[in-house]
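Every read-out reported here was derived from the displayed coordinates using simple, explicitly stated rules and does not represent laboratory data. Just so it is clear, the model here is predicted, and its values are computed rather than measured. Glycine also receives a Cβ, built like all others from the backbone with ideal geometry; neighbour counts cover every protein chain displayed.
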Amino acid sequence: MNQSKKPLSHPLDPLLRTDRIPHIWCPGCGIGTAFSSCLRAMQESGIDLLNTVMVSGIGCSGRGAGYVKLDSYHTTHGRAIPFATGMKLANPELNVVIFSGDGDLFAIGGNHFIHAARRNVDLTVVCVNNFNYGMTGGQVAATTPHAVKTTTTPVGNPEDPFNLPLLAYAAGATYVARWTILHTRDLTESIEEAILNRGFSFVEVLSPCPINYGRRNKEKALDTLKIYQERSIIKNDAHPTELEIDFAKRVILGKFLQVEKPTCIDNYDNTCRPKELLEEEKAA
Ligand SMILES: Cc1ncc(C[n+]2csc(CCOP(=O)(O)OP(=O)(O)O)c2C)c(N)n1
Ligand code: SF4
């Protein structure tokens with residue numbers, strides 16, 4: 001390297017642990033793009049970043065927490081949401097953003113997801129959905145499309161995947177959106193809205209894993225982006241029951257839901273008694 005040249009900088013450097021770069025993500029992987037959108041959204045939302053925490057589970061996506069220069073926690077596989085819930089309940093002033101993979105959040109961590117949504121815990125969940133367990137070699141996930149090949153379904157997945165926005169909606173989330181890593185502006189704006197939304201907020205990000213998913217299905221990273229470009233339809237307010245992903249036909253993207261509801265903390269006082277009981281006691 002020419003020593004007289006200043007090292008290249010990036011606008012997100014202040015939010016990155018640059019000493020940990022180069023990152024582990026493979027060439028063509030979409031996680032870096034999803035991660036940049038998430039960091040930009042955190043920056044642009046105007047929240048106090050010194051009072052903001054990022055939490056991830058384990059997986060390639062889960063590495064996000066290790067690269068962000070904020071308070072951050074790289075928790076065990078599947079446990080990002082209960083960890084984040086504990087932090088939020090202990091310190092309601094914290095902004096808590098979860099950045100993790102579909103395997104982490106919806107397979108081993110699936111139960112935590114539905115209950116945090118049901119309780120309307122004020123968290124923002126950004127899920128990188130690459131349709132498989134990328135880090136461990138490309139096993140089938142709860143999001144793998146029907147008939148797709150993975151290491152554990154070598155002749156094709158016999159099962160049907162979750163429709164994640166429908167699951168979030170049915171469980172009680174108050175903000176639900178889906179974008180791809182090709183739609184970076186919409187994605188960034190959506191994550192920003194999700195961060196500012198009071199309540200359980202969910203943003204699904206469709207993202208290529210060319211190494212473990214694409215390779216087995218003869219789909220290079222650019223092929224995946226082309227599919228995102230040609231088959232995605234933006235339909236804000238679409239009903240979550242319409243949102244099954246069918247890459248051969250169409251994939252609906254957009255912001256599907258934003259509603260106001262009391263959060264978990266609104267419903268309890270700090271002794272964990274329902275607010276109604278307190279009011280009755282005060283009135284007595
Ligand atoms: C309790 C436990 N079970 C299994 C694993 C192995 N493991 C690590 S990452 C992972 C899956 C990651 O998939 P996903 O969350 O979709 O993230 P990606 O790597 O695709 O970004 C698994 C099964 C583990 N680390 N801990
Ligand atoms: S294995 Fe897949 S998800 Fe993991 S970094 Fe590589 S391309 Fe990305």
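Listed by chain and number, the lysines placed with their C-alpha closer than 26 angstrom to that of Lys282 are Lys261; residues fewer than eight positions away on the same chain are left out. Taking label positions 7 Å along the Cα-Cβ direction at both Glu93 and Cys26, the computed distance is 4.5 nm, reported to one decimal. This ranking places Trp179, Trp25 by how few other beta-carbon atoms lie within 10 Å of each, fewest first, which gives Trp25, Trp179. Annotation: amide H-H contacts under 5 Å for Leu253 (H modelled 1.01 Å from N, sequence separation of 5 or more, or interchain): Ile233, Ile234, Lys235. The string of couplings for the stretch 10-23 from the Karplus curve (6.51, -1.76, 1.60, θ = phi - 60°) is 10, x, 8, 3, x, 9, 10, 7, 4, 5, 8, 8, x, 7 Hz, one whole number per residue in order, with x for Gly and Pro. Rounded to the nearest 500, the helix-only mean residue ellipticity at 222 nm of the chain stands at -8000 deg cm²/dmol, with each DSSP H run of n ≥ 4 adding -39,500 (n - 2.57). Spin-label model, Asp160 to Ile234: label points 7 Å out along the Cα-to-beta-carbon direction sit 3.0 nm apart.
Legend: ranking of residues Ser232, Ser37, Ser56 from fewest to most surrounding C-beta atoms inside 10 Å; resulting order Ser232, Ser37, Ser56. Working note: Karplus 6.51/-1.76/1.60 with θ = phi - 60° gives the stretch 52-69 the couplings 10, 10, 10, 10, 10, x, 9, x, 4, 4, x, 5, x, 4, x, 9, 8, 8 Hz, where Gly and Pro are set to x.
What separates the Cα centres of the stretch 161-181 and the stretch 129-158 is a distance of 20 Å. The C-alpha radius of gyration of the stretch 21-283, expressed as a fraction of 2.2 N^0.38 Å, stands at 0.99.
Specify the longest stretch of the chain that does not include any exposed loop site, a site being one of the GluC sites (Glu not before Pro) with a non-H, G, I, E, B DSSP assignment and at most 14 other Cβ atoms within 10 Å. Here the longest run is 160-259. Taking the longest Cα principal axis of the chain as reference, the axis of helix 31-44 is set at about 40 degrees.
So which trypsin sites (Lys or Arg not before Pro) in the stretch 189-284 pass both tests, a DSSP loop state and at most 12 other Cβ atoms within 10 Å of the Cβ? Walk me through the numbers before you get to the answer.
Numbers: sites: Arg198, Arg215, Arg216, Lys218, Lys220, Lys226, Arg231, Lys235, Lys249, Arg250, Lys255, Lys275, Lys282; in loops: Arg198, Lys218, Lys220, Lys235, Lys249.
Passing both the DSSP loop test and the Cβ count: Lys218, Lys249.
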